Structure formats: C-alpha cells, structure tokens
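Here is the structure we will look at.
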Amino acid sequence: MSKKVTIPADLREELAGANGDPVVLCDEAGNVVGYAVTAARFARLTPKPEDPWTDEEIARLEEERKNDPRPDVPHEDVLRWFERQ
C-alpha cells in the first residue's frame, strides 16, 4: 500500500493551479524527488489488467450454470469434503 502524505492547503492550491499538468517536486537543493499528477491522470498512467473474459464467454458460462443439473454445494460442504480426503 502506498504511503499517504497530507499537504497544506497552500500547496494544494499551487498544485491545482497547474491545471492537471504534472508538477515537478524538488527538495531545497533543487533535486527532483518526484512528480505530482492529478488522480485522473494517474489512473490513465497505470495499466489496467485485461479482462480475461469476453461478454460472450460470460453469457455462455451463465447459461451453462443456469442449465447445470447438479445442485449447488455450499462452500462449507466443499471444505469438509476436502478435509476428509
């Protein structure tokens, strides 16, 4: 999990003034220590895992499950069955 840092209101206003553009964060010596981007831009930068199922596959699996003659088995029963093995 990421560390969360609370920033003062004046810094928040300064970052908001960048109109969504990345802001370079530097220390007192001028060394770049990071970048600030809006949450929306960060979401676009982070890759999303590709969905392993197509809509057609989901519909087919739901239909198969609906037509499956086998009864539903509660999770606890499955665990008990494995414990006996």
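Readers should treat all values here as calculations from the given coordinates under stated rules, not as data from a laboratory. All of these numbers come straight from a predicted model, not from anything done at the bench. All Cβ positions, even for glycine, are placed from backbone atoms using ideal geometry, and neighbour counts span all protein chains on display.
Tabulated results
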item: Any hit, segment 25-35, residues being of a type in the set (Ser, Thr, Tyr) and touching a strand residue (DSSP E or B) at 6+ places or on another chain (Cβ under 7 Å); result: yes
item: Residue check for residue 39: more than 18 Å from residue 5 (Cα to Cα) and either hydrophobic (A, V, I, L, M, F, W, C) or touching a residue at least 12 places away in the same chain (Cβ under 8 Å) (or both); result: no
